[in-house]
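Encoded as structure tokens, the structure appears first; notes follow it.
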Amino acid sequence: MTTSRGAGHQALSRRLGLTDAVGIGLASMLGAGVFVVFAPAAARAGSLLLLAVVLAGALAVVNATSTARLAIRYPRAGGAYVYGRERLGMPWGHLAGWAFISGKIASCAAMALTIGVHLLPGWSKAVAILVVLVVLALNLQGIERPARVARAITLAVLVVVLTFVVVLLMSPPVTADAPPPTPPGSGGWWGVAQAAGFMFFAFAGYARVATLGEEVVEPRRTIPRAVTICLGVVLGLYVLITVALGRTLGAGWVAAREAPLAEAAEISAWPWLGPMLRIAAVLAAGGALLALTLGVSRTVLAMARDRHLPPVLARLEGPHRVPRRAEIVVAGFVIVMIVLVDLRGVIGFSSFCVLVYYAIANASAWTLDDGWLGRAVAAVGFIGCLLVAVLLPWESVLAGAVVLAIGAFIGWVRHTTRE
């Protein structure tokens with residue numbers, strides 16, 4: 001049995017190829033975010049929504065560059081938790097892991113609730129809890145089965161969304177009974193920055209591949225290629241969606257809708273696309289939930305190995321050698337969040353935590369000695385993540401700051417106790 005970071009640590013099996021890694025990354029990125037974030041983003045950016053999408057995409061590219069550099073150097077499970085620990089010290093690694101787990105547990109709850117809202121609005125929480133239990137059962141069977149499911153879901157969602165984009169681009173602009181083209185109180189650089197923070201939620205799945213670094217075949221080659229493919233596909237798709245919505249309906253119309261893509265399809269030349277998009281939203285949220293729970297459980301595994309979480313969570317069990325206890329604990333916290341979550345508010349909370357996570361990843365990448373260009377990219381990513389994070393709605397910033405402060409205090413106590 002191989003080990004990871006010291007004797008006695010059970011190693012995960014490397015069974016994911018490029019196609020598997022891309023499927024998991026795209027499933028994470030094309031989750032419920034693409035179906036829910038355009039409305040709050042349009043409410044803040046107004047007619048400048050496309051600029052916010054490009055800004056969020058550029059920040060994702062910068063973060064992905066730093067993450068890929070680090071993943072090549074440290075191809076182990078845990079993502080920025082491992083990078084911060086190795087490059088900045090254990091307290092920073094602990095904070096990165098805490099930020100990732102907090103933000104992504106909220107994201108998992110949002111994905112599950114999205115499925116519930118689309119299937120049975122009156123019983124959305126019960127449906128969401130059932131979905132989490134089904135996903136847990138899939139993950140406990142080993143990573144290969146979720147990877148295959150993720151690929152199938154991603155392909156179906158891509159086909160439906162691309163069909164929607166083509167139909168909308170071919171449709172004439174809708175003017176009757178539509179809200180103003182630009183929602184009141186929106187726009188400006190502040191609005192664009194806030195919208196970019198919300199849109200980042202829809203981009204943030206690309207580094208799920210890095211959190212699975214210990215299970216990817218040839219990680220030094222596979223991880224950078226998978227991240228590049230995921231970002232290219234998703235950024236292009238989001239730009240097309242933004243252009244199609246803005247040209248046909250306007251930012252004011254988008255901001256006033258809870259499900260802008262499905263509702264736009266229902267008033268298009270092909271109204272039957274509306275139900276198809278609602279089904280696609282359920283599939284996308286399910287695919288994202290599969291990939292997200294994998295990434296979160298692997299970060300829990302890495303932190304448990306270093307005793308920042310109970311060591312019992314680091315055990316690998318069963319014929320597929322998966323961290324069953326970590327998977328079960330993550331699912332439990334997601335269910336708790338489902339009971340408490342507000343869908344729009346939790347997006348802001350998740351974005352804040354994940355932006356802090358990537359700020360630590362960029363700070364870690366800045367310490368690598370592989371040339372000035374890489375350090376410059378890391379510096380831009382670090383500043384960009386912190387700036388966009390603090391410009392999110394104050395409720396999200398406050399809630400995220402409190403949770404991360406608790407995590408930082410726990411990490412500081414454990415670090416000083418060890419010394």
On the phi > 0 side of the Ramachandran plot and more than 19 Å from the chain's Cα centre (by Cα) - does that describe any residue in segment 89-99? yes
The condition of being part of a helix (DSSP H, G or I), of a type outside the set (Val, Ile, Thr), at pLDDT 85 or above and buried (at least 16 other Cβ atoms within 10 Å of the Cβ) holds, among 411, 384, only for 384
Please find, among 99, 112, the residue that is more than 18 Å from residue 198 (Cα to Cα), surrounded by 24 or more Cβ atoms within 10 Å (Cβ to Cβ) and either at pLDDT 85 or above or of a type in the set (Val, Ile, Thr) (or both). 112
With the requirement that a residue be β-branched (Val, Ile, Thr) and not in a helix (DSSP H, G or I), what does segment 338-347 give you? 341
Can you tell which of 45, 71 is under 30 Å from residue 306 (Cβ atoms), crowded, with 24+ Cβ neighbours inside 10 Å and not β-branched (Val, Ile, Thr)? 71
Would you be able to say whether some residue in segment 272-285 is closer than 21 Å to residue 111 by Cα, surrounded by 24 or more Cβ atoms within 10 Å (Cβ to Cβ) and in contact with a Ser or Thr (Cβ under 6 Å, 6 or more places away or on another chain)? yes
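To keep it simple, each residue is scored yes or no on (1) assigned to a helix (DSSP H, G or I); (2) buried (at least 22 other Cβ atoms within 10 Å of the Cβ); (3) of a type in the set (D, E, K, R).
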| residue | (1), (2), (3) |
| --- | --- |
| 325 | yes, no, yes |
| 328 | yes, no, no |
| 336 | yes, no, no |
| 349 | yes, yes, no |
| 354 | yes, yes, no |
| 357 | yes, yes, no |
Yes or no: segment 52-71 includes at least one residue that is of a type outside the set (Gly, Ala, Ser), under 24 Å from residue 316 (Cα atoms), touching a Gly at 6+ places or on another chain (Cβ under 6 Å) and assigned to a helix (DSSP H, G or I). no
Qualifying positions in segment 292-317 - modelled with pLDDT of 80 or more and assigned to a loop (DSSP other than H, G, I, E, B): 310, 315, 316
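The values are calculated or read from the model by the stated rules, or taken from the named source; none is laboratory data. None of the values given here were measured: they were computed from a predicted structure. Positions of Cβ are generated from backbone atoms using ideal geometry, with glycine treated the same way; all protein chains shown enter the neighbour counts.
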